[in-house]
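These notes are about the structure you will find just below.
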């Protein structure tokens with residue numbers, strides 16, 4: 001519930017005496033005491049100089065007492081007792097005013113009444129509503145007493161009596177009006193200050209709540225980032241294990257073939273196993289290449305030769321129900337590419353095609369050079385189950401896969417696309433559900449003169 005709404009329902013708070021004066025109020029009180037004390041000190045000196053012209057000798061005495069009272073209150077305030085100083089000032093002023101009004105009457109005070117009454121009423125207003133009301137009543141009684149003194153001094157002469165009554169009415173009305181204005185002004189200022197303090201506390205509390213919420217959100221964000229990192233690490237580990245399983249299957253296949261073979265066939269099987277082991281070491285490099293933590297090692301390659309050399313290994317990837325055809329097209333061109341990365345790309349395409357044809361089918365890898373002599377095209381096609389349009393649109397995204405958990409990481413085509421783009425080429429994927437998939441890789445060629453140089 002807001003402080004403003006609470007104040008509106010319960011009404012203004014009573015102006016009770018403050019427990020302590022604020023910094024600004026203490027400054028005001030100090031200045032008031034200095035001014036009032038200086039005024040009465042000057043008046044005491046001026047009247048003492050004019051004693052010879054018929055002035056009452058009590059005038060400098062009362063003025064000196066006023067100045068001493070102000071000095072005493074200043075000393076109390078400097079000692080850290082501001083409330084006590086204000087109370088002493090009000091009580092001392094009332095006693096001196098009582099003596100003045102009883103001794104001289106009301107008419108003698110009219111010229112200095114504003115200077116005499118306003119300071120004491122202002123300080124009493126600072127002390128609270130009850131002190132102000134008591135001071136206003138006391139001053140009104142003093143005015144009545146002063147008017148009675150004026151009227152009785154002339155034996156109740158009608159003209160002087162009328163003037164005394166007129167002075168009495170004006171002075172009492174002015175005193176009550178000043179007290180009313182001071183009360184409402186000070187009360188309004190105190191209520192405004194209290195509302196401002198309440199708002200300040202509300203803002204501080206909301207600031208603390210906001211800081212706690214920000215800290216909680218930052219903590220939640222950190223936990224989410226950590227969870228995402230762990231998930232990505234798990235996917236990477238799954239993908240690497242998946243690729244190693246395929247390469248280990250190749251090695252096991254070559255070992256089994258070597259056991260059944262003799263002579264030249266045994267030598268070929270051992271060479272195939274050695275090649276599979278070499279490509280297994282390239283799997284870890286592929287992860288570093290994808291994260292850009294290790295630079296690739298590109299060189300000028302005869303693409304037709306690389307594809308022809310990969311044919312025996314690609315045939316080992318597929319199960320017996322898949323027919324694999326590799327056609328280099330006797331293309332005579334060079335590309336600037338890392339040989340291990342190119343071999344890894346071709347194995348990845350073959351593995352994906354094999355998984356897309358569990359009941360068997362046909363896979364073909366061809367190398368062509370279109371009319372543009374500065375480009376070579378590697379086209380891998382299969383007759384598998386194909387992809388829907390939604391899957392085809394996202395197949396090049398990192399970590400996107402439709403395979404079950406533990407059977408794929410979604411990095412194969414993503415890494416392929418990253419490596420092809422780094423070499424200045426681009427990749428296109430065409431597929432439809434039930435119509436197979438075709439992956440077309442276009443790479444820029446280099447002139448033969450570069451190889452000779």
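Coordinate-derived values only; no laboratory data. Bear in mind that the values here come from a model prediction, so they are computed numbers and not experimental data. No Cβ is skipped: glycine too gets one built from the backbone with ideal geometry, and neighbour counts run over all protein chains shown.
For this structure, a couple of remarks:
- Ranked list, fewest to most other Cβ atoms within 10 Å of each Cβ, for 208, 309: 208, 309
- Working note: Cα gyration tensor of region 293-452, eigenvalues times five, square-rooted, sorted largest first, giving semi-axes of 26, 18, 15 Å.
- Segment residue 388-residue 148, extension gain: residue separation times 0.36 nm, minus the distance between their alpha carbons: 75.2 nm
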